[in-house]
Amino acid sequence: MADSIEIRSAIGDVLDLQTRRFPDREALVHVAAGVRYTYQEFQAAVDRTARGLMSLGIQKGQNVGIWATNYVEWLLAQYATAKIGAALVTVNPAYRSHELAYLLEQAQVTALIFIGRFRTSDYTAMLNELIPELPDWAPGQLNSPRFPHLRHVVLIPSHDEPDSPTPPGMWRWNDLLNRAEQVSEEELQTRQAQCDPDDVINIQYTSGTTGNPKGAMLTHHNLIANAWYVGDCMEMTGADRLCIPVPFYHCFGCVMGSLTCVTHGSTMVIPSEYFDPLQTLEAIASERCTAVHGVPTMFIAQLGHPDFPQFDLSSLRTGVMAGSPCPIEVMREVIGRMGAERITIAYGQTEASPVITQTLADDSIERRVSTVGKVLPGVAVRLIDPETGQEVGPGQQGELQTRSAMVMKGYFNMHDATVGAIDAEGWLHTGDLATVDEDGYYKITGRLKDMIIRGGENIYPREIEEFLYTHPQIADVQVIGVPDERFGEEVMAWVQLRPDADAAAITTDSIRDYCRGRIAHYKVPRYVKITDGFPMTVTGKIQKFRMRELAVAELGLEAAAEVETA
């Protein structure tokens, strides 16, 4: 195992400790950008970024937003803000102007670091639309009536337009680095010494299914503890090289990925600015990665890539698969064809920093696909019957609630939402339904809001999904409830076929026939949609609420939906 760290530490102090221990070990490799940093070089780049932020007047406790894909600058900002005691507000790269405006206002962002473009999205144009007065102000002097806290906008030049001009009113990333000379190393050390492990250092906005996103306030201690325990479950050491194709803006990337590497003295390997199955395979092979993270759809995409056979992935050993349930055949292929024999499964929520339970590297395949593992060290979990409020025992279903030093401080500027999520005894109510067996392994059975009630029968989508995974030509499936005038709700299955499936032979009727006689009649999907993919966030989280909206429109169920909400 890696040399232990003090979990109750500030993030900047942990980075400095690992730099003293392993100055010449590679800390970061960004394959697409062609960047390589040893720990000593990475620390120096982080410190320069931190001093640049201090030169802008960023104070301890202020919030700095970052709106970018997986750039090297994202990681530098992550550790630099931690060193100066500013909270990094992570902005979903999929956000558009309306969502960005909400976040800038709600999080009271003082400085926004962003990339100019991403695919067809022109971030610069969106900012100028939101802040039409931005070009009229000198960089750092912005005074916006709509965003009164925002003073600084810092542009990271896009990889495909590195020499594009800097729009008026904005700093360029290199301006920030050049300004670092105005702040001494001693001033940075003084600021860093003021950081307390219980200070909020990250505000992660949850995607949610209803209402506006909520910013979970996470501390140094929250994140370091979670990163350490996640790596421990993977048996990470300083010799490991972790491929991180998952987005930094989410805990999967910046905590379970980046911070897990730093807490264990390991190497971060970033394949590209956003997930691409071919670039991920190339990075694993060329950098001899020993671990890889991803959601099941990412692994399915890599395994199904036509060039997969040409890559030598023999270096792979472990990693984390999370975000949604893993079909057993996918797990078998990840182990058998990719070689990640000791890959683990994790479950959690942003509000818990994020991992609550995780399987171990030596758990059986069956454990790794049928459960989400045991609780992490120092984590308490209980299952509560939603109707009686009483704790249930092994084998019984209840809402999973958790309490630990890794639970968030609360939602930023949302007292009522915080009280609704964390009770007076400190238990975080996840809203997830689960069971636990006699050995302490948890199984997520659904969400309270996901439950389908058809004619008085309670139906849990996960049960039907697990059954449909046994169909030899189905690669992935998601089950939702849609409104019905007679029964209240009916079952609908969205099905994604395997690449080698005989599409002509697989019909919606044949899938229903596969179910009949094998599961209870009321669980047989009334509606089946064969699809190429599911609506999801950039982290791979399935958006079932969006699936429901699309289904209501496509199936003409608006009248039933009106009855349901009446």
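Annotations
- Residues satisfying the stated conditions in segment 170-208, i.e. among the hydrophobic types (A, V, I, L, M, F, W, C) and either closer than 21 Å to Ala107 by Cα or not in a helix (DSSP H, G or I) (or both): Met170, Trp171, Val183, Cys195, Val200, Ile201, Ile203
- Considering residues of segment 467-511 that are in a helix (DSSP H, G or I) and farther than 17 Å from Leu555 by Cα only, the residue farthest from the chain's Cα centre (by Cα): Ser510
- Among the residues of segment 170-216, just one is among the aliphatic types (A, V, I, L, M) and open to solvent by 40 Å² or more (accessible area, probe 1.4 Å), namely Ala193.
- Residue selected from segment 120-129 under the condition among the hydrophobic types (A, V, I, L, M, F, W, C) and in contact with a Leu (Cβ under 7 Å, 6 or more places away or on another chain), by the criterion least open to solvent (accessible area, probe 1.4 Å): Leu127
- Filter result (surrounded by fewer than 24 Cβ atoms within 10 Å (Cβ to Cβ) and either assigned to a helix (DSSP H, G or I) or touching a Gly at 6+ places or on another chain (Cβ under 7 Å) (or both)) within segment 104-119: Glu105, Gln106, Ala107
Yes/no per residue for (1) touching a helix residue (DSSP H, G or I) at 6+ places or on another chain (Cβ under 6 Å); (2) among the basic types (Lys, Arg):
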position	(1), (2)
Arg146	no, yes
Leu176	yes, no
Glu186	no, no
Ile201	yes, no
Gly238	no, no
Cys243	yes, no
Val246	yes, no
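- Residues of segment 389-404 classified as open to solvent by less than 60 Å² (accessible area, probe 1.4 Å) and closer than 15 Å to Leu428 by Cα, total: 7
- Candidates Ile300, Ile343, filtered to the one that is at pLDDT 95 or above and either closer than 30 Å to Arg447 by Cα or surrounded by 23 or more Cβ atoms within 10 Å (Cβ to Cβ) (or both): Ile343
- Each residue in segment 134-169 was checked for being surrounded by fewer than 12 Cβ atoms within 10 Å (Cβ to Cβ), in a loop (DSSP other than H, G, I, E, B) and at pLDDT 95 or above, and 5 pass.
- Some residue of segment 320-336 being closer than 17 Å to Leu428 by Cα and either over 22 Å from the mean Cα position of the chain (by Cα) or among the hydroxyl-bearing types (Ser, Thr, Tyr) (or both): no
- If you check Gly65, Gly85, Gly52, Gly12 for being touching a Cys at 6+ places or on another chain (Cβ under 6 Å) and open to solvent by less than 20 Å² (accessible area, probe 1.4 Å), only one passes: Gly85.
- Segment 428-446: number of residues that are surrounded by fewer than 19 Cβ atoms within 10 Å (Cβ to Cβ) and either out of contact with any helix residue (DSSP H, G or I) (no Cβ under 8 Å at 6 or more places or on another chain) or polar (S, T, N, Q) (or both): 5
The values are calculated or read from the model by the stated rules, or taken from the named source; none is laboratory data. This structure is a prediction, so every number in the text was calculated from the model and none was measured. Cβ atoms come from the backbone with ideal geometry, glycine included; neighbour counts cover every protein chain shown. Areas reflect the complete protein model, heavy atoms only, side chains present, ligands, DNA and RNA absent. Shrake-Rupley method; radii C 1.70, N 1.55, O 1.52, S 1.80 Å.
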